[in-house]
Amino acid sequence: MDGSDHHIVPSFFICPISLQIMKDPVTISTGMTFDRESIQKWLFSYKNIACPITKQPLSDFRLTPNSNLLRLIQSWHLQHASSSTTKFAEPNHDALMKVLLEEIKQPHLQVKSLRKIKSLIQENHGDNSRISCIRDDSLFSLAVSLVVQTELPGIPQITGNDTPVIAEAVSLLCLLCPSDEALKMVSQNENGLLICSLCSIMTRYLSNLQLRIQAALVLKSIFEVVDDMYKEGLKFEFFENIIEILKDQNSKHGSMAVLAILIRVLSYGKNKEKAIKGGCIPILIELLAEENERHVCEMMLVVLEKLCQKAEGRAAFLSHPAGMAAVVSKILKVSHVGDDKSISLLSCVLRFCTSSGEAAQEFMEVGGMTKICLVIQSGSNSKTKEKAREILGFHFKTWNKSPCFPSSFKA
């Protein structure tokens, strides 16, 4: 006793199913003890025929009262009746997880079971070492089967109002950490059915922003491991809706996931054209102008650079009144990576605008010339400096006439 008036409940007083102190302990034929109400529900309401702990098939369904344990529990209650606080011993998480995985087989219990599994994971604050089931990739596969609405052995296909089940299953996927091999295998199964399902969620559940953000978080992990062919052929509606997540700015994790997805997939198929058509460039420009966090700025600049490799991307960039200023403002302010991406983006835009002096004039008015000269004289890497010198050559005749152009560069 530590004098704090706290009393720990012995672990063998706790029902492995309900995780509460047993009121009427009974023992089944495998020798395991449960609270009568919990084991009756397991056997007779849910119609299970195996022990929830050992998984042994039961041929004898008799429930034998455990009188000795009941007396111990009653005695303990009398001794600590005046206690102000009661602490529970460490519960058997694996036992509860096994029960929950069995309950998922019952359609009317799927939502409840998924929520309990999530709570169990969250209670461990990310340390799932005490729950061996969570380290098993089969739990991930089970959650995926609910998302894609396919039938696994013992898991019936979802019917009727599937939104709550899908929402809870996607939320669970965000908490799990399957191996890269398992994630790749499951994601590529049936020609990328999971990817298609998550993309469909992005377009179907427009009123459920949280579900769409969680789907984006899962897709971010998937696109990091799957083969390139699964990054092609994404629908325009998908880009339109993930860009909405960026626009809403309700979740930093969601925004970062969208940027990561764009970086991973833009190089494939017609994805750049779809993202441009979906309005990605003006939204990124407006967000970049207000953003100061290094990593976020770098990711936005990477995406903008990729999109400006297309003529329609450059047109969208130049048509935005803050485009040039937003990018120039990040030079020598974010990082060496930010400098390189900013210079690369500006090089791409200005290289293809040599016939028009408007872009060159705007670049000079927002301080671009000064920043380029500073980059050349700074400690930036040689490739970045080389790109900066190239920019000087694109519109040299225009800039050379300006009093702002450094005389040391006129030669």
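Looking at segment 14-32, which of its residues are under 20 Å from residue 97 (Cβ atoms), surrounded by fewer than 19 Cβ atoms within 10 Å (Cβ to Cβ) and modelled with pLDDT of 85 or more?
Answer for segment 14-32, where residues must be under 20 Å from residue 97 (Cβ atoms), surrounded by fewer than 19 Cβ atoms within 10 Å (Cβ to Cβ) and modelled with pLDDT of 85 or more: 20, 30, 32.
So is residue 36 surrounded by 15 or more Cβ atoms within 10 Å (Cβ to Cβ) and basic (Lys, Arg) or not?
The answer is yes for residue 36.
State all residues of segment 357-383 that are farther than 22 Å from residue 318 by Cα, assigned to a helix (DSSP H, G or I) and under 38 Å from the mean Cα position of the chain (by Cα); if no residue qualifies, say none.
Matches in segment 357-383: 375, 382, 383.
With respect to residue 274, determine if the residue is at pLDDT 95 or above, more than 14 Å from residue 219 (Cβ to Cβ), exposed (fewer than 15 other Cβ atoms within 10 Å of the Cβ) and among the basic types (Lys, Arg).
Against the criterion (at pLDDT 95 or above, more than 14 Å from residue 219 (Cβ to Cβ), exposed (fewer than 15 other Cβ atoms within 10 Å of the Cβ) and among the basic types (Lys, Arg)), residue 274 does not qualify.
Please verify whether residue 39 is in contact with a Phe, Trp or Tyr (Cβ under 9 Å, 6 or more places away or on another chain), at pLDDT 85 or above and not charged (D, E, K, R), treating the condition exactly as stated.
When the stated conditions are applied, residue 39 does not pass them.
The values are calculated or read from the model by the stated rules, or taken from the named source; none is laboratory data. This structure is a prediction, so every number in the text was calculated from the model and none was measured. Positions of Cβ are backbone-derived with ideal geometry, glycine not excepted, and every protein chain shown enters the neighbour counts.
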